[in-house]
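Engineer: What follows is a structure written as structure tokens; I'll ask about it next.
The values are calculated or read from the model by the stated rules, or taken from the named source; none is laboratory data. Just so it is clear, the model here is predicted, and its values are computed rather than measured. Don't worry about glycine lacking a Cβ; one is built from the backbone with ideal geometry, like all the others, and counts go over all protein chains shown.
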Amino acid sequence: MSGENRTIVGIASAKHVVKKSRFIAEATAIGALTEVKLFVADVQARVRQATHYCYAYTLGGGVETTEYASDAGEPKNSAGPPILAAIRNKGLSNTILVVARYYGGINLGIGGLIRAYGACARSCLENASVKKLLNYNNLKISTSYHQIGRVVSLCIRLGGKINNIEYNPNPLINIQIQTNELETFQAQLQSIGITINEIH
């Protein structure tokens, strides 16, 4: 798995009009599922009385990615999936995108809705500033007292973090290491006779 994910900075937005229906998109970064409802509610509070508030999000990275798309009352697969496709095509993770629609009195048909939601979502993400996120693995390492210093210095040299060291009864070091440095870290530990207890 790559040690790097990308998400957006701040809130990106875009507007789109198709046959008198107005579409307003907003996107932001999220770090947990609890933030999804909060952002949707925030958009509803600012973009008032829209006919629909459709959205999609991705959270996590690699095999641990969670994705979801909501049509929010539009015909099935006409709104949420094209929004999710825009997020995927931009290569983003930890991102939510909401598209609010004000119905303009002319039916767009399923094909028209797919095109309109997709175009508005893509425009929104084109307007976004993107930043890189680093993935970390949490490790637990049992070692002897005289090896603690070597493990700590190796961790820091590879850009990792020492969460804490337990001494009861034997030293147990809790570490965060960048996913893209994990194999190097494991190989260097093995070269000094140390194995990792847990990786998650």
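Engineer: Can L189 be described as at pLDDT 85 or above, closer than 13 Å to L139 by Cα and not small (G, A, S)?
Structural biologist: In short, yes.
Engineer: Output the residues belonging to the stretch 42-83 that are among the hydrophobic types (A, V, I, L, M, F, W, C) and within 12 Å of the chain's Cα centre (by Cα).
Structural biologist: A56, L59
Engineer: Can you run down the residue pairs with Cβ atoms below 9 Å, 6 or more apart or on separate chains, where the first is in the stretch 11-30 and within 11 Å of A119 (Cβ to Cβ) and the partner is surrounded by fewer than 20 Cβ atoms within 10 Å (Cβ to Cβ) and of a type in the set (F, W, Y)?
Structural biologist: F23/Y102
Engineer: Would you point out the residue of the stretch 149-161, among those that are surrounded by 14 or more Cβ atoms within 10 Å (Cβ to Cβ) and not small (G, A, S), that is farthest from E181 (Cα to Cα)? Working first, answer last.
Structural biologist: The initial filter retains those residues of the stretch 149-161 that are surrounded by 14 or more Cβ atoms within 10 Å (Cβ to Cβ), namely 150-152, 154-155, 158-160.
Cutting the leftovers down to not small (G, A, S) gives us 150-152, 154-155, 158.
Numbers: R150: 17, V151: 14, V152: 15, L154: 11, C155: 10, L158: 7 Å.
Among them, the one singled out is R150.
Engineer: I'm trying to understand the selection: among the residues of the stretch 90-106, which are surrounded by fewer than 21 Cβ atoms within 10 Å (Cβ to Cβ) and at pLDDT 95 or above?
Structural biologist: Selection gives Y102, Y103.
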